[in-house]
Amino acid sequence: MKHRQLIGHLACFGAYAIFGLNIIFCKDIANHGELSPVVLFTYRALCAGALFWLLSLFTKKERVPWKDLLGMLGASVIGLVMPQLTFLYAIAMTAPIDLSVVNSITPIMTMFVAAIFLKEPITWQKAGGVALSFVGVVWLILQSNHTGGVAHSSPTGIALVVLNALCFALYLGICRPIIQRYHVVTLMKWMFLFALVIILPFSFKGVVGLDYAAIPEKVWWEVAYLIFFATFVAYFLIPIGQQRIRPTLVSMYNYLQPIIACVVGVWLGMDRLTWMKVLAAVLVFVGVAVVNRSRARQE
């Protein structure tokens, strides 16, 4: 059991570390403005979906009944389409610090979603761990330098960030049963196929009419990172974590993103490391450890 949980923690750590760099690249792509959110998401769905279908040729074949295909369609909407689009639109309308702070409510939402739909108990230990990590990550965000985005957040941008957090919390909570029934490749190939079918009618004109020559080479390298690492690899790892550890724990790795952004900022000379930031990061990981030791439903 401990070995299984360790794999889940490592998978979530890897996925959210990738997402930490994803935020930086998405901001830069949004600042250039050539690729609209729907076009960018279409490329992510198309390329990552193709990779998952290719990978499925070398994995165990699983028959998926119509009932579960409908479940995967729902998972695709609330776990891929809505979170991706709300994030990509919000990042162009929200100041980086506001985006980070509001997005940090995801684990809190996930804890309540898991309590409602999966009957996971909200113990004092679990609530305390979530609160401790929340304080740590907000403290870290407020002390860090935030550049590369808009100066002020629009109400629409803030609303999109809240919707993004809610959708992903619902995905982590509601979709766990179907995620546990299938191999990660089977799940992801269908979810990305459904996502592509949903988004293509809205993005086809933009994809065809895009001036590809006007897009800088640097942006294409960032898009390549988004497609391969932040989409294919990260969405391969997240279900592995979902199958092995509880939804609230999975969502708490969301707090790794501002830590990664801070580390990258220090490395690039855009920010500086202080003991207060180190302490804030320690609070985040202590909170995760506390939630990990809290009582699960089966206990």
For PHE112 paired with VAL197, estimate the spin-label separation in nm (one decimal), with each label point 7 Å from Cα along the Cα-to-Cβ line. 3.4 nm
Gained length - VAL135 relative to HIS32, 0.36 nm times residue gap less alpha-carbon distance: 33.7 nm
Could you sort the peptides 58-68, 156-166 by per-residue average Cβ neighbour count (10 Å cutoff), highest mean leading? 156-166, 58-68
Between their Cα atoms, which of LYS27/LYS126; LYS119/LYS189; LYS126/LYS277; LYS27/LYS205 are more than 31 Å away from each other? LYS27/LYS126
Which of the three applies to the stretch 21-139, rounded, prolate or oblate, going by the alpha-carbon gyration tensor with a ≥ b ≥ c and a/c under 1.5 meaning rounded? oblate
Toy charge model, Lys and Arg Cβ at +1, Asp and Glu Cβ at -1: the chain dipole around Cα centroid in debye, rounded to 20, equals 1220 debye
Gyration tensor verdict on the stretch 49-205 (Cα atoms; rounded if a/c is under 1.5, prolate if a/b is larger than b/c, oblate otherwise): oblate
Filter the trypsin sites (Lys or Arg not before Pro) in the stretch 108-200 to those in DSSP coil with at most 12 other Cβ atoms within 10 Å of their Cβ, and list the result. LYS119
From the helices alone, meaning DSSP H stretches of at least four residues, give me the mean residue ellipticity at 222 nm for the chain, per-run term -39500 (n - 2.57), in deg cm²/dmol to the nearest 500. -24000 deg cm²/dmol
FRET efficiency, ALA213 to VAL263 (Cβ-Cβ, R0 25 Å, nearest 0.05): 0.10
If each residue of separation counts as 0.36 nm, what is the full-extension length gain between VAL282 and LEU142 once their alpha-carbon separation is subtracted? 48.8 nm
Give the dimensionless ratio obtained when the Cα radius of gyration of the chain is divided by 2.2 N^0.38 Å. 0.98
List the pair-distance distribution P(r) of the stretch 189-299, using every Cα-Cα distance, as the percent of pairs falling in each 5 Å bin from 0 up to the bin containing the longest distance, rounded to whole percents. 2, 8, 11, 14, 16, 14, 14, 10, 7, 3, 1, 0
By the C-alpha gyration tensor axes a ≥ b ≥ c (rounded if a/c is under 1.5, else prolate when a/b exceeds b/c, else oblate), the shape of the stretch 44-108 is prolate
Sequence gap at least 6, Cα distance under 8 Å: using those rules, report the relative contact order of the stretch 1-137 to the nearest whole percent. 26 percent
What ranking of THR248, THR42, THR94 emerges when the number of other C-beta atoms within 10 Å of each C-beta is taken as an exposure proxy, fewest first? THR42, THR94, THR248
Estimated distance in nm for a label pair at LEU10 and LYS61, the labels positioned 7 Å out from Cα along Cα-to-Cβ: 3.1 nm
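Here, each number is a calculation from the coordinates, and none is a lab measurement. No experiment lies behind these values; they were computed from the predicted model shown. We place every Cβ from the backbone using ideal geometry, glycine too, and count neighbours over all the protein chains shown.
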